[in-house]
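A quick write-up on the structure given underneath.
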């Protein structure tokens with residue numbers, strides 16, 4: 001029996017209430033969890049939440065079959081059952097990869113071409129894929145793969161991850177047998193081996209000093225993706241006072257009328273500034289974000305049992321692969337506006353060279369630090385983990401080392417943080433419209449120094465909604481007493 005079923009039964013809760021938006025694929029006759037649906041992709045039975053979008057597009061080549069879990073956007077159009085995939089009479093795996101490398105969204109693609117089957121993933125594994133090469137089971141979280149409780153692995157301790165002192169990475173998970181797939185690789189379903197399909201060379205990342213051209217591409221394509229999502233699903237957008245949220249909204253300005261709701265919420269002092277700035281952004285873009293006060297909700301004397309319940313559910317949904325979300329965020333879940341999907345700006349950190357932290361060239365020691373790896377006492381992490389890290393680096397094409405910090409963020413950090421955390425957020429199917437290889441590679445053509453200085457984000461605003469550039473960011477006013485008073489006034493009484 002799927003361990004996830006046992007965990008839901010232990011809680012006495014409906015299965016999809018515990019594990020919404022998730023999936024489990026197996027080759028045996030295990031029954032579909034109660035309330036879930038099943039798609040056949042022989043020899044696999046793909047069990048999935050009814051809240052997980054699934055598309056089975058039409059392929060003109062009878063040898064090709066695709067099953068897409070999650071949401072994929074192709075040049076401003078959501079891929080559906082009615083989408084036609086035409087690579088000619090004799091399509092190849094390279095044809096398929098050329099197509100899927102142009103998709104934005106959060107998805108896993110089961111694919112068959114002739115007698116071979118492969119899995120492909122979104123650019124940062126926002127929709128997780130765990131697998132056990134011994135059993136052949138595949139799923140969106142550890143409990144979707146296992147038929148037993150989690151058995152701890154050797155190298156990274158779950159308690160260290162949950163305390164925030166390290167991360168799972170490089171494919172390692174909370175369990176000794178299961179692995180986390182690597183984005184930008186295919187997973188062969190005969191041998192359960194991974195093969196890189198993107199990038200194939202350094203060509204997408206050759207430095208391009210024309211920031212305005214890159215910003216224009218981002219505004220046009222990102223706006224089209226948000227528009228496609230908002231027209232296809234009841235969607236919400238959380239609004240903050242940070243860089244990524246503002247750039248997302250500015251790029252999507254012509255499509256915001258299709259968004260069902262906007263919200264902002266307070267969980268600490270900095271997020272109270274977010275709430276204040278969100279209201280000002282909304283005034284300029286024509287919407288009023290719903291204000292949610294997580295601080296006050298968490299202070300309620302009746303909140304402790306509910307917070308404890310939500311913490312337990314978060315841990316089950318993520319398979320103990322990620323630190324538990326803050327209690328103020330968890331208690332605010334029940335007050336979020338209605339919707340099917342939530343669009344966030346997370347991957348847009350690339351526009352600020354987030355991983356470089358003052359570096360202007362590749363340094364192995366900095367890469368190790370960003371992975372936050374630990375090692376046995378007396379051994380440097382760079383020494384202990386060198387073999388695993390170099391195994392990953394050896395998959396990179398020649399010439400891509402100058403952007404290895406960015407690629408490591410996509411493949412080793414985000415899948416183990418943002419992607420798995422999205423599993424723990426049950427209200428919506430959460431995704432980043434900027435999760436798009438074309439857009440991220442365009443951003444990476446701008447030098448780290450210019451990105452870090454904010455030049456690319458500034459160009460995005462100036463080309464879309466210049467008046468948003470006049471507003472400060474939360475980091476710029478966090479010590480301003482007048483800003484503090486204005487933010488506190490939002491929650492007075």
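The values are calculated or read from the model by the stated rules, or taken from the named source; none is laboratory data. Quick caveat: nothing in here was measured; it's all calculated off a predicted structure. In this analysis, Cβ positions are derived from the backbone assuming ideal geometry, glycine residues included, and neighbour counts consider all displayed protein chains.
Given 466, 415, which one is surrounded by 24 or more Cβ atoms within 10 Å (Cβ to Cβ) and either in the same structural domain as residue 227 (by TED's automatic domain parsing) or at pLDDT 95 or above (or both)?
415
Just to be sure I understand, how many residues within segment 452-493 are in a helix (DSSP H, G or I) and farther than 24 Å from residue 357 by Cβ?
Residues flagged as in a helix (DSSP H, G or I) and farther than 24 Å from residue 357 by Cβ within segment 452-493 amount to 17.
Being under 23 Å from the mean Cα position of the chain (by Cα), more than 27 Å from residue 6 (Cα to Cα) and surrounded by 16 or more Cβ atoms within 10 Å (Cβ to Cβ) narrows it down to one of 215, 174, so name that one.
Just a single option satisfies the conditions, and that option is 215.
Return the residues of segment 392-406 that are without any contact (Cβ under 8 Å) to a residue 24 or more places away in the chain and in a helix (DSSP H, G or I); say none if nothing qualifies.
Once the filter is applied, which keeps residues that are without any contact (Cβ under 8 Å) to a residue 24 or more places away in the chain and in a helix (DSSP H, G or I), segment 392-406 yields only 393.
Please go through segment 230-250 and give me each residue that is touching a strand residue (DSSP E or B) at 6+ places or on another chain (Cβ under 6 Å) and either part of a helix (DSSP H, G or I) or closer than 16 Å to residue 74 by Cβ (or both), ordered by number.
Result: 232, 233.
How many residues are surrounded by 17 or more Cβ atoms within 10 Å (Cβ to Cβ) and under 19 Å from residue 490 (Cβ atoms) when one looks only at segment 243-269?
Our first condition is that a residue be surrounded by 17 or more Cβ atoms within 10 Å (Cβ to Cβ); within segment 243-269, this holds for 243-253, 255-256, 258-259, 261-267.
Those still in the list that are under 19 Å from residue 490 (Cβ atoms) too: 245-246, 261-267.
Result for segment 243-269: 9.
Within segment 1-49, which strands (runs of 3 or more DSSP E) (wholly inside it) include 2 or more residues that are touching a residue at least 24 places away in the same chain (Cβ under 8 Å), touching a strand residue (DSSP E or B) at 6+ places or on another chain (Cβ under 9 Å) and buried (at least 20 other Cβ atoms within 10 Å of the Cβ)?
Answer list for segment 1-49: 23-26, 44-48.
Among the candidates 163, 186, single out the residue that is out of contact with any helix residue (DSSP H, G or I) (no Cβ under 6 Å at 6 or more places or on another chain) and modelled with pLDDT of 95 or more. Lay out the reasoning, then the answer.
Details: 163 fails: modelled with pLDDT of 95 or more.
Criteria check complete, one pass: 186.
When the residues of segment 139-160 are narrowed to those that are in contact with a helix residue (DSSP H, G or I) (Cβ under 8 Å, 6 or more places away or on another chain) and part of a loop (DSSP other than H, G, I, E, B), which ends up surrounded by the most Cβ atoms within 10 Å (Cβ to Cβ)?
140
What do you reckon, is residue 482 loosely packed, with under 15 Cβ neighbours inside 10 Å and in contact (Cβ under 8 Å) with a residue 60 or more places away in the chain? Reasoning before the result, please.
Working: loosely packed, with under 15 Cβ neighbours inside 10 Å: yes; in contact (Cβ under 8 Å) with a residue 60 or more places away in the chain: no.
The answer is no for residue 482.
Taking residue 124 as the residue in question, decide whether it is assigned to a loop (DSSP other than H, G, I, E, B) and surrounded by 24 or more Cβ atoms within 10 Å (Cβ to Cβ).
The answer is yes for residue 124.
Which fully enclosed helices (runs of 4 or more DSSP H) of segment 253-358 have 3 or more residues being at pLDDT 95 or above?
Filter on segment 253-358 gives 269-285, 303-318.
It is to be established whether one or more residues within segment 416-425 are in contact with a strand residue (DSSP E or B) (Cβ under 9 Å, 6 or more places away or on another chain), touching a residue at least 40 places away in the same chain (Cβ under 8 Å) and more than 20 Å from residue 370 (Cβ to Cβ).
yes
Let me confirm something: among 449, 382, which residue is at negative phi, without any contact (Cβ under 8 Å) to a residue 60 or more places away in the chain and either touching a strand residue (DSSP E or B) at 6+ places or on another chain (Cβ under 9 Å) or part of a helix (DSSP H, G or I) (or both)?
382
Quick one: which residue in 70, 91 is outside any loop (DSSP other than H, G, I, E, B), crowded, with 18+ Cβ neighbours inside 10 Å and touching a strand residue (DSSP E or B) at 6+ places or on another chain (Cβ under 9 Å)?
70
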